[in-house]
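One structure is given here, and the rest of the page talks about it.
The values are calculated or read from the model by the stated rules, or taken from the named source; none is laboratory data. Note that this is a predicted model, so its numbers are computed, not measured. Cβ: placed from backbone, ideal geometry, glycine included. Neighbour counts: every protein chain shown.
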Amino acid sequence: MSVRENLEKLNCGLWQNERVSFKALSTETDLIYAAYECQLTDEQKELVNPAWFSIGRAYLSREDNYPCIIYNEKDERIGFINLCRWLGSGDAYSWSYFIDVRYQKMGYGRAAARLAVDLLRSANPKKQIKLSTEICNTAAQSLYVSLGFEKLDEIDGDDLIFGL
């Protein structure tokens with residue numbers, strides 16, 4: 001089964017935790033938020049692909065991508081995440097995400113990462129989860145390790161790879 005098929009069969013209650021929820025990107029308003037309104041710091045813009053890149057991937061390879069808007073406990077849009085198939089070697093799941101600068105340093109990034117792990121594990125517990133990050137992105141590396149990921153002996157271009 002594809003990433004999309006595995007995720008779409010999950011119970012709707014699994015799409016949230018105590019801090020955040022994910023809702024599939026499905027409207028023009030969602031698209032505008034993800035591509036234009038959700039902002040990052042200038043430094044962060046250098047470290048992650050913009051939302052439109054992930055949305056384009058989802059358009060070109062629908063079965064391997066599941067773009068969502070991240071909401072907080074007040075049902076406010078606070079970020080973007082694309083749950084996807086790992087594009088590197090091996091068969092694994094992955095995600096790319098970011099939290100709007102207006103909602104950073106409030107624990108939402110960690111809560112969203114935990115929810116992503118829970119969803120992908122529920123979708124297929126046998127699949128490894130892999131994440132890549134720039135060598136200089138020590139904040140992401142610390143977050144991944146705190147969630148149980150280990151640095152792998154793999155490289156994706158010049159990015160470090162972490163696996164769970």
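Structure above, values below:
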quantity: Criterion: under 20 Å from W15 (Cα atoms) and acidic (D, E) - qualifying residue of D100, D153; calculated: D100
quantity: Filtered residues of region 18-36 (kept if more than 20 Å from E63 (Cβ to Cβ), part of a loop (DSSP other than H, G, I, E, B) and within 16 Å of the chain's Cα centre (by Cα)); calculated: R19
quantity: Selected residue [surrounded by fewer than 17 Cβ atoms within 10 Å (Cβ to Cβ), of a type outside the set (D, E) and more than 19 Å from W15 (Cα to Cα)] from A139, A92; calculated: A139
quantity: Among the candidates L147, L160, residue that is of a type outside the set (V, I, T), under 18 Å from N49 (Cα atoms) and surrounded by 15 or more Cβ atoms within 10 Å (Cβ to Cβ); calculated: L160
quantity: Within region 42-62, considering residues that are more than 16 Å from the chain's Cα centre (by Cα) and not aliphatic (A, V, I, L, M), the one nearest to S94 (Cα to Cα); calculated: S61
quantity: Cβ pairs under 6 Å, 6+ apart, first in region 43-71 and modelled with pLDDT of 90 or more, second acidic (D, E); calculated: I69/D30
quantity: Filter result for S96 (closer than 20 Å to L160 by Cα and outside any strand (DSSP E or B)); calculated: no
quantity: Answer residue from region 68-83, given it is of a type in the set (A, V, I, L, M, F, W, C) and in contact with an Asp or Glu (Cβ under 6 Å, 6 or more places away or on another chain) and is nearest to K127 (Cα to Cα) among those; calculated: I69
quantity: Output for region 149-164, where each listed residue is within 16 Å of the chain's Cα centre (by Cα) and among the β-branched types (V, I, T); calculated: I161
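Residues are listed down the side, and each one gets a yes or a no for (1) hydrophobic (A, V, I, L, M, F, W, C); (2) assigned to a helix (DSSP H, G or I):
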residue: M106; (1), (2): yes, no
residue: A111; (1), (2): yes, yes
residue: A116; (1), (2): yes, yes
residue: R121; (1), (2): no, yes
residue: P125; (1), (2): no, no
residue: L131; (1), (2): yes, no
residue: C136; (1), (2): yes, no
residue: S142; (1), (2): no, yes
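Per-residue answers, yes or no, for (1) surrounded by 17 or more Cβ atoms within 10 Å (Cβ to Cβ); (2) more than 23 Å from D158 (Cβ to Cβ):
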| site | (1), (2) |
| --- | --- |
| A24 | no, yes |
| Y33 | yes, yes |
| L40 | yes, no |
| I69 | yes, yes |
| C84 | yes, no |
